[in-house]
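Engineer: Just passing along the structure, written as C-alpha cells.
The values are calculated or read from the model by the stated rules, or taken from the named source; none is laboratory data. Everything numeric in this text was worked out from a predicted model, so none of it was measured. Cβ placement follows ideal geometry from the backbone for every residue including glycine, while neighbour counts extend to all protein chains displayed. When the accessible area is computed, the model is the full protein with side chains, heavy atoms only, and any ligands, DNA or RNA have been set aside. Shrake-Rupley method; radii C 1.70, N 1.55, O 1.52, S 1.80 Å.
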Amino acid sequence: MNDAASVQPVAKYRKDYTIPSHTIESLDLVFNLHTTDTLVTATSMVTATQGATVLQLVGDQLLLKDLLVDGKSWSDYTVTEEGLSIANLPQSFELTITTQINPTENTALEGLYLSDGAFCTQCEAEGFRRITYFLDRPDVLAKYTTTIEADKDAFPFLLSNGNKIAQGNCGNGRHWVKWQDPHPKPCYLFALVAGDFDQLTDTFTTRSGRDVALEIFVDKGNKQRAQHAMLSLKNSMKWDEERFDLEYDLDIYMIVAVDFFNMGAMENKGLNVFNSMFVLADQATATDRDYLGIEAVIGHEYFHNWTGNRVTCRDWFQLSLKEGLTVFRDQEFSSDLGSRPVNRIKNVRIIRGPQFAEDASPMSHPIRPEKVIEMNNFYTLTVYEKGSEVIRMIHTLLGEQAFQAGIKLYFERHDGTAATCDDFVAAMQDASGVDLSQFKLWYSQSGTPIVSVTDEYDAQSKTYTLTITQHTEPTATQQDKQALHIPFDVELYRADGTVIPLQIDGESCASLLQLKQDSQRFVFENVDEKPTPSLLREFTAPVKLNYQYSEQQLVLLMKCATNEVSRWDAGQSLMAKYIKAAVTDGCPIQLSDDVLNAYRALLVDEHLDNAFIAEALTLPPHSEVSGWFDVIDVDGICQALKSLKLNLAKGLEKELLHTYQTLASESYDVAHQSIAKRSLRNICLNFLSCLPDYSDLAAKQFKASDNMTDTMGALSAANLCGLQSRDELMQAFSDTWSNDGLVMDKWFMLQGIKPSKDALAGVKESMQHSAFSLQNPNRTRNLIGSFFANPYAFHAIDGSGYQFAGEMLAKLNSINPQVASRLLDPLLKFARYDEQRKQLMRQQLESLRDTPNLAKDLFEKVEAALK
Ligand code: B3K
Ligand code: ZN
C-alpha cells in the first residue's frame, strides 16, 4: 500500500485549533521487532478533557491486532480512513492497542523502518501514527516507557529515549531492554533504534557537576569518523550553558548515524537520529564544509533539547517557534566559535537566494503558515531560515541582555508545555518593555518586503535626508500587505572613507533606524559633505533593498565599510550591476579598472580573513540571479556569469596565482584559519582553471591532495570549467570511493551540476553506478536533486530535462513522497520562465497531477502551482 490517499486530501487551518479531547498521562510501548512483521503493544492512561465518550485516534499503514479497555477486549470501535474511532468510553481508562507493522516495506522512511539492516524511527511531523494508533499531535504530552525485544546477534543495541532501566534475555536468541523517559513529551519526539554499531563514548560534566554519558553509534568500522561530531556535541553543551544559561537534563545523550534518512537529523529526546552525513568525517572523506555542517547540525539538535523539547509547539502551525529559534541559536553558536561575518554572509546568501525564491513561488507562506495539507511540506527555508531572521530582528531590537531576559521568562512560563509563537513574542515583550505588537506581523505576513531608499543632500543646511519606503507585493495566498516593523541599520561615509556621526534633531542617534510606516523620512544633521550611505548593514531585516548606488559609492564601501558584511555586500551589488546589464543587453562583461582594483585590493589584503576574501570573490549563483528578473533568461544568466568569472580571472590573474601558490597546503586541521586558507585557495583555483594557461592546475592539485577539501576543490574546478582532465579525474575518484556511498554523493552531485547540455546523459549513466539507489535520499538528492538545479541541462530548451524530472518524480512518488516533494520545487516556478519552457514545465506538472495515487505531499504543491 502506498501513502496516497484515495480521496482528495483535506487541508487543516491554524484558526481551527481546539484542545485535544483527551490527555494521555503515560504510554507504555512494547516492540517485538521483526523485519517484516513487528508487533507494537501500546498501553496508555487516557482521560477525557471535556467529557467525550468517543476517542478518535489517527493511524496509517497499521494492522490492528487487538484492542483492550481497562484490560478487557473492546469491540465498540471502527477503523476509519484516518485511524480508529473508539466509542462508549469512560472518563478515564487504560487503553491497550496492538498493531502489526512492516518496517521492510517502509520506503517512505517515516515511522519505523530499516536503514541498511538497522531499525530506526522518524516520527516528526506525523510519523508516530505509522507505529500505533495515537493522538499524534504535539500538544499531547505523555511519559514514555519503552521495551524493545529483538534478535540478540543481529541487534545487540536496543535504544530508546531516556534512561535504560532494565534488560534481559528471552532465551530464544532474543533479548530485551526497557527504557524510561522521565520528561513528558509529544509522540513526535519518540525514538527507537535497534542494530549493531560501533560506539564512541565520552562524558560531559555540566556546570552543576553532573556527569552526562555521551554515546555516538555509527556503522561498524566508522568509529574514528565520529570524533568531530563528539567534539561538536561537547562544544554545544558548553556553549548553551555559557550563552543561554541552559543545562542538559538527562544523564545520557545518544546520537545514532543512519544512511537512510529524509533530512539532516532529528532531535528525539535523549536519542537523536542523524543522517550519517552530519556525523561522519575525517580528512580523507569529508570536506571542510562537511565539518562545519556537522558542528551546526549537532549544535542545532542539541539546542532543541530546550527550544523544542522542553517547550514544544502547541500545533504544527507553530513550527517556527522551535525551528526559527533553534536555527538562530545554531547560527549564533557557529558565529561564536568561528567567524561571525563569514557565517552571517552564508546565512544572508540563503535568505536572498532560495528563501526569497520560495517567497515568490506558489508555495509562498508566512513563517507561521495558516493552511497545511501535508505538514512535511512546511519544513521550509521560510519557517527555518526566515524564522531565524525574525528571531534575529527581535534580538537586534532588544539587544543581547533583554533578549536573554526574554528567553528566561519564556522558560519560566512555558517549560514542560506546548506553546505558541504568540507566547514567545509576549515573553520577549514583557521582559524587555519593547512594544512588539506591530512586529508580530512578521509571523503572519508572507512575501519579501521591498525597501526602497532615495536620498537628498542639502549642502547649505548640511542636512542629508533618507526617504525610506516599504512595500510587499501580493503573494500566492495573501493579497493585502501591511507595513512591517523593520530594523534598518545605516551608516554614512565621507568620500575619504571616514564615518559621519549620525545626528537627528540636534542629538546623536543610533545607527539602527526603526521603519514602521509605508514611508518615512530621516533628516540627518551636520553632514559635512554628500555622503555614501551604507544601508541595511549586517542585513538587519530579510528584505530586498532598492537604492541606486553608483559604482564609485560601491567601490568606496567595499574598501572602507566598517562592517565586513557591508563590504561583502557592496561587492555583491557591484557584481549584480554588471550581471543585470549583461543579461539585459546580451553583451560580455567588461569590469572597469576601479572595480578590478577593488577586488585586487581585497585579494591581497593580508589583514583580512581569508575566508572572508573567499566569500567576497564568490559570484552569486544562477538561482539567486534568477530572482532579480521578472522573466528568467536561463541562457542569458549562464552567459553573464561565465563572462563575469572570466573577466575577474583575467583581470586578477597575477594575484590569483600568487595567492594560490602562497596558500599551498600545510598539514591538515580544521582550525578556522586552515579552513579559510583552503577555501580561498580553492576559489583561486576555480578562477584560474577557466584560463587556458592553467588548465593542468586542477589535475595537479587532485593528484597531490591529501584531503577531501582539496580533492573536491580540484574536481569541482575541472567539472565547472569543463577541463579536459575532467572525465579522467571523475573516474579516478569513483575508482577510489565506489564503496562509500557518502563520499560518492560528492561525485553524484558533480555529475548533476555539470554545466553542459550532456549532463542528462551523465546523470542517467550514474544511476547505474553500483553506489546509486533511488531509495536512498542522500544519493537521490545529490544526483537527481542537483541536476534539477542545473540551468544548462535541466532547463534544456528541448524539454528533455523536464521530462526526466517528471519520470523521476512519478517514481519517487511511490518510493518516498517526502523526497519527491523536495525535488519538485524547481518545477513549481514554471511561470517565471519564457513561454517555451513554461509550457514544457507545466506539461510535466499536469501529468504529475494525473498520476494515480499521487501522495498528498506532491498533491499540495502541484495544485498550488497549477491554480
Ligand atoms: N525537527 C527535525 C525535522 C523534522 C522534519 C520532518 N519532515 C530536524 C530539525 O529541524 O532539527
Ligand atoms: Zn530543528
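Engineer: Rounded, prolate or oblate for segment 112-189? Axes are the square roots of the Cα gyration tensor eigenvalues, ordered a ≥ b ≥ c, and the cut-off for rounded is a/c under 1.5.
Structural biologist: Numbers: a/c = 2.62, a/b = 1.54, b/c = 1.70.
It is oblate, given that a/c is not under 1.5 and a/b is not larger than b/c.
Engineer: If you don't mind, there's one more thing I want to ask. Rounded to the nearest percent, how much of the accessible area of segment 621-668 (1.4 Å probe, protein heavy atoms only) is carbon and sulfur?
Structural biologist: On the way: 1230 of 2320 Å².
Carbon and sulfur: 53 percent of the exposed surface of segment 621-668.
Engineer: Can you pull the semi-axes for segment 432-474, root of five times each eigenvalue of the Cα gyration tensor, sorted largest first, whole Å? Working shown, then result.
Structural biologist: Working: eigenvalues 188, 59, 4 Å².
Taking √(5λ) for each eigenvalue gives 31, 17, 5 Å, largest first.
Engineer: Cα axis of helix 340-350 to longest principal axis of the chain: angle in degrees, 0 to 90, nearest 10?
Structural biologist: Taking the Cα atoms of the chain, the angle to 340-350 is about 80 degrees.
Engineer: In degrees from 0 to 90, rounded to the nearest 10, what is the angle of the helix 741-753 Cα long axis to the longest principal axis of the chain?
Structural biologist: In the chain, helix 741-753 runs at an angle near 50 degrees to the longest axis.
Engineer: Under 5 Å between amide H atoms, partner at least 5 residues away or on a different chain: which partners does Cys313 have, H built in plane at 1.01 Å?
Structural biologist: Long-range HN contacts for Cys313: Ala419.
Engineer: Could you name the lysines in cross-link range of Lys530, using Cα to Cα under 16 Å and dropping any fewer than eight places away on the same chain?
Structural biologist: Excluding near neighbours in sequence, the set is Lys462.
Engineer: Please tell me the relative contact order of the chain in percent, rounded to the nearest whole number, where contacts are Cα pairs under 8 Å and at least six residues apart. Kindly include the intermediate steps, with their values, before the conclusion.
Structural biologist: Working: 1700 pairs, mean separation 76.9, N = 867.
Computed value for the chain: 9 percent relative contact order.
Engineer: When each pair of different Cα atoms in the chain is counted once in the 1/r mean, what is the Kirkwood radius in angstroms, to one decimal? Let's see the in-between values first.
Structural biologist: On the way: mean 1/r = 0.0347 Å⁻¹.
One decimal place: 28.8 Å for the Kirkwood radius.
Engineer: Next up: Can you tell me the dipole magnitude for segment 189-235 around its Cα centre, using point charges on the Cβ only (Lys, Arg +1; Asp, Glu -1), in Debye to the nearest 20?
Structural biologist: Values: 6 positive and 6 negative charges, 43 e Å.
Approximately 200 debye in magnitude.
Engineer: Given a cut-off of 21 Å, name the pairs among Lys346/Lys386; Lys15/Lys440; Lys700/Lys764; Lys164/Lys238 whose C-alpha atoms lie farther apart than that in the structure shown.
Structural biologist: Working: Lys346/Lys386 14 Å; Lys15/Lys440 16 Å; Lys700/Lys764 29 Å; Lys164/Lys238 25 Å.
Beyond 21 Å: Lys700/Lys764; Lys164/Lys238.
Engineer: Once Lys and Arg get +1 and Asp and Glu get -1 on their Cβ, which of Val193, Ser208, Met237 lies farthest toward the positive end of the dipole of segment 152-261?
Structural biologist: Val193
Engineer: Please name whichever of Leu602, Met558, Ala614 sits farthest to the positive end of the charge dipole of segment 544-630, dipole taken about the Cα centre and charges placed at Cβ: Lys and Arg +1, Asp and Glu -1.
Structural biologist: Met558
Engineer: Further question: Near Lys72, which lysines are there with a Cα under 29 Å away, not counting those fewer than 8 places off in the same chain?
Structural biologist: Filter leaves Lys143, Lys178, Lys185.
Engineer: In addition: Using 1/(1 + (r/R0)^6) with R0 = 35 angstrom and r between the beta carbons of Leu64 and Lys15, what's the FRET efficiency to the nearest 0.05?
Structural biologist: Working: r = 33 Å, r/R0 = 0.95.
Using R0 = 35 Å, I get an efficiency of 0.60.
Engineer: 222 nm [θ] for the chain, helices only, -39500 (n - 2.57) per DSSP H run of 4+, per residue, to 500?
Structural biologist: Values: 26 runs with 326 residues, N = 867.
One gets -12000 deg cm²/dmol as the mean residue ellipticity at 222 nm.
Engineer: Positive end of the charge dipole of the chain (Lys, Arg +1 and Asp, Glu -1 on Cβ, about the Cα centre): tell me which of Gln844, Ala405, Gln514 has its Cα farthest that way.
Structural biologist: Farthest along the dipole direction, towards plus: Gln844.
Engineer: Ranked highest first by the average count of other Cβ atoms within 10 Å around their residues, in what order do 502-511, 429-438, 390-399 fall? Present the calculation step by step, with values, prior to reporting the outcome.
Structural biologist: On the way: 502-511: 12.2, 429-438: 15.1, 390-399: 20.6.
Top of the packing list down: 390-399, 429-438, 502-511.
Engineer: Another question about this same structure. Taking θ as phi - 60°, what are the ³J(HN,Hα) couplings along segment 840-849 by the Karplus curve (6.51, -1.76, 1.60), each to the nearest whole Hz, with x for Gly and Pro?
Structural biologist: Each residue of segment 840-849 in turn: 5, 5, 4, 4, 5, 5, 5, 6, 5, 4 Hz.
Engineer: Let's see if you can work this out: charge +1 on each Lys and Arg Cβ, -1 on each Asp and Glu Cβ, no other charges. What is the dipole magnitude of segment 762-866 about its Cα centre, in debye to the nearest 20?
Structural biologist: Details: 13 positive and 11 negative charges, 48 e Å.
Dipole size: approximately 240 debye.
Engineer: In debye, nearest 20: dipole of the chain around its Cα centre with unit charges on the Cβ of K, R (+) and D, E (-)? Each step should come with its number before you reach the end.
Structural biologist: On the way: 80 positive and 115 negative charges, 151 e Å.
Dipole of the chain, to the nearest 20 debye: 720 debye.
Engineer: List the lysines whose Cα sits under 16 Å from the Cα of Lys861, skipping any in the same chain fewer than 8 residues away.
Structural biologist: Correct list for Lys861: Lys12, Lys371, Lys829.
Engineer: So what are the ³J(HN,Hα) numbers for segment 561-573, from phi and the Karplus equation (6.51, -1.76, 1.60; θ = phi - 60°), rounded to whole Hz, Gly and Pro as x?
Structural biologist: 4, 6, 9, 5, 4, 5, 5, 4, 4, 4, x, 5, 5
Engineer: Amide H of Leu536 versus every other amide H placed in the peptide plane: which residues, excluding those fewer than 5 positions away on the same chain, fall under 5 Å?
Structural biologist: Here Asp489 satisfy the definition.
Engineer: A further question on this structure: What does the highest-first list of 28-41, 829-842, 852-865 look like by mean Cβ count within 10 Å?
Structural biologist: Numbers: 28-41: 18.4, 829-842: 16.9, 852-865: 21.3.
Most protected by this proxy first, the peptides run 852-865, 28-41, 829-842.
Engineer: At 1.4 Å probe radius, can you tell me the per residue accessible area of segment 391-506 in Å²?
Structural biologist: Numbers: 4860 Å² over 116 residues.
I get 42 Å² per residue for segment 391-506.
Engineer: Working from Cα positions, state the angle (0 to 90°, nearest 10) between the long axis of helix 672-688 and the longest principal axis of the chain.
Structural biologist: 60 degrees
Engineer: Work out from phi, with θ = phi - 60° and the Karplus expression 6.51 cos²θ - 1.76 cosθ + 1.60, the ³J(HN,Hα) of each residue of segment 46-62, listed in order in whole Hz, and give x for Gly and Pro.
Structural biologist: Once θ is set to phi - 60°, the couplings for segment 46-62 become 10, 9, 6, 8, 9, x, 5, 9, 10, 10, 9, 10, 9, x, 8, 6, 10 Hz.
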